Amino acid sequence: MPSIILHLMNDDPVIGEVEAVPNAGDTTILLKNPRRRDGKDVNYLDGNITSVIFPMHRVSFIEIIASEGEEEIISHVREK
């Protein structure tokens, strides 16, 4: 399950997990385990909330956080 940082218009970013990265035609995004960057609860959500559906028109942009296994290291090798 990919982790993302969801940047909402006129609000602080929210981190959470999604089943899949949204497509261009999606109108909503389901975010599981929503939290602030510092790990604290999102102030406008109840403490026992596990999932939130955000409308895409409120989203400025989305950052996808690579997991340890997905990291790709690109390096330049000089061969003689």
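Every number in this text was worked out from the coordinates using simple rules, so none of it is lab data. Source: prediction; values computed, not measured. Reconstructed Cβ throughout: ideal geometry from the backbone, glycine too, with neighbour counts over all protein chains shown.
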Please list 3J(HN,Hα) in residue order for the stretch 42-59, calculated via the Karplus relation 6.51 cos²θ - 1.76 cosθ + 1.60 where θ = phi - 60°; whole Hz, with x for glycine and proline. 6, 5, 8, 10, 5, x, 9, 6, 10, 9, 9, 9, 9, x, 5, 5, 8, 8
Virtual spin-label span in nm between L45 and D11, 7 Å along Cα→Cβ: 0.9
Amide H neighbours of G16 under 5 Å, counting only residues 5+ apart in sequence or on other chains, H built in-plane at 1.01 Å? I4, L6
At 7 Å along the Cα-to-beta-carbon direction for both T28 and A66, put a label point, then send me their distance in nm to one decimal. 3.3
Give the long-range amide H neighbours of T28: residues separated by 5 or more places, or on another chain, with amide H under 5 Å away, using H modelled in the peptide plane at 1.01 Å from N. M56
In sequence order, calculated HN-Hα J values of the stretch 6-13 (Karplus, 6.51, -1.76, 1.60; Hz; x Gly/Pro): 9, 9, 9, 5, 6, 8, 6, x
